[in-house]
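The values are calculated or read from the model by the stated rules, or taken from the named source; none is laboratory data. All of these numbers come straight from a predicted model, not from anything done at the bench. No Cβ is skipped: glycine too gets one built from the backbone with ideal geometry, and neighbour counts run over all protein chains shown.
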Amino acid sequence: MLSHRGIIHGNLCPRCNLLAETTLHCLRDCDFVQTIWKTIGIWWIWRARNALCLNSDLIPFFSLKLRIVDYALLLKNCYLNHHETQISKLVKWNALGGTGMILNVDGSSIGNPGISGYGGLIRNADGAWVHGFFGNLGVTNILHAELMAIYKGLLLAWELNIKDLWCYSDSEMAIKLITEPVDVWHHYAAILNNIKDILNRD
C-alpha cells in the first residue's frame with residue numbers, strides 16, 4: 001500500500017514479509033491479522049457450534065456478531081488508561097416545583113460492556129417515596145441499561161395508574177433515541193418502540 005504511493009520501497013507486508021501488502025492482505029489475509037481475528041471470534045464461534053450440536057440452540061449470525069464485537073470492546077477497555085480525575089458532585093432529589101409524580105431512573109455497568117443493572121424510584125411532589133424497582137441485565141452495555149431503566153420505570157408507573165409523571169434520566173443518548181423517530185435497524189429498536197408505546201397510551 002505504501003509502496004504504491006511511493007512512500008517506501010518494496011511492496012512486501014512489513015508484518016509477515018511474505019506477500020504483497022494489498023488492502024485485503026493488510027486487513028484479512030496477513031498471518032498476524034488472522035491471529036487477531038481468530039482470537040476475538042473463535043470462542044464465540046465454538047460456543048455457537050456447541051449450542052447447536054448439544055442443545056439444538058441456533059444462535060443467529062447477527063447475535064453472534066454482536067457478542068464478538070462486545071467481547072472485542074471489553075478486551076479493548078481492559079487496556080485503556082483509566083486515570084481520569086474523579087470529581088465529587090453532590091446529587092439530591094429536586095421536585096422542581098412540579099405537582100405530579102417524579103420518576104428517577106439510572107442504569108449502571110461495570111465496564112462497557114460489563115455486568116449491568118438498572119433501577120429507579122417514583123416519588124410524589126413532596127419527595128415522599130411511592131415505589132422503587134431494580135433489575136439485573138447480565139453482561140451488556142450502558143445504553144441498554146439506561147433504556148431498560150426508563151422502560152421499566154414507565155411500565156411501573158403505568159401499572160400504578162400514574163399518568164401525571166416526569167421522568168428523569170442522566171443518559172443524553174437514551175433521551176435522544178426516545179425523542180427521535182426509531183430506526184428499525186437499531187439494535188434496541190424493540191425497547192425504544194416499547195417505551196414510545198407507553199408514552200402514547202391514554
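Annotations
- Within region 138-169, the set of residues being small (G, A, S) and assigned to a helix (DSSP H, G or I) comprises A145, A149, G153, A157.
- Close pairs from region 141-169: first closer than 29 Å to A72 by Cβ and not assigned by TED's automatic domain parsing to the domain that holds S116, partner of a type in the set (V, I, T) and surrounded by 20 or more Cβ atoms within 10 Å (Cβ to Cβ), Cβ under 8 Å, at least 6 apart: none
- In region 1-18, the count of residues that are at pLDDT 75 or above, loosely packed, with under 10 Cβ neighbours inside 10 Å and more than 30 Å from K163 (Cα to Cα) is one or more.
- Which numbered condition C167 fails, given (1) surrounded by fewer than 20 Cβ atoms within 10 Å (Cβ to Cβ); (2) farther than 22 Å from L64 by Cβ; (3) in contact with a strand residue (DSSP E or B) (Cβ under 7 Å, 6 or more places away or on another chain); (4) among the hydrophobic types (A, V, I, L, M, F, W, C): (1)
- Test: residue in region 25-37 that is at pLDDT 80 or above and not in a helix (DSSP H, G or I): yes
- Criterion (touching a residue at least 12 places away in the same chain (Cβ under 8 Å) and over 25 Å from L74 (Cβ atoms)) met by exactly one of G119, G111, G127: G127
- Test result for L27, loosely packed, with under 11 Cβ neighbours inside 10 Å, within 19 Å of L73 (Cβ to Cβ) and assigned by TED's automatic domain parsing to the domain that holds N77: yes
- Pick from region 185-202, criterion closer than 17 Å to M173 by Cα and without any contact (Cβ under 8 Å) to a residue 40 or more places away in the chain, ranking: surrounded by the fewest Cβ atoms within 10 Å (Cβ to Cβ): W185
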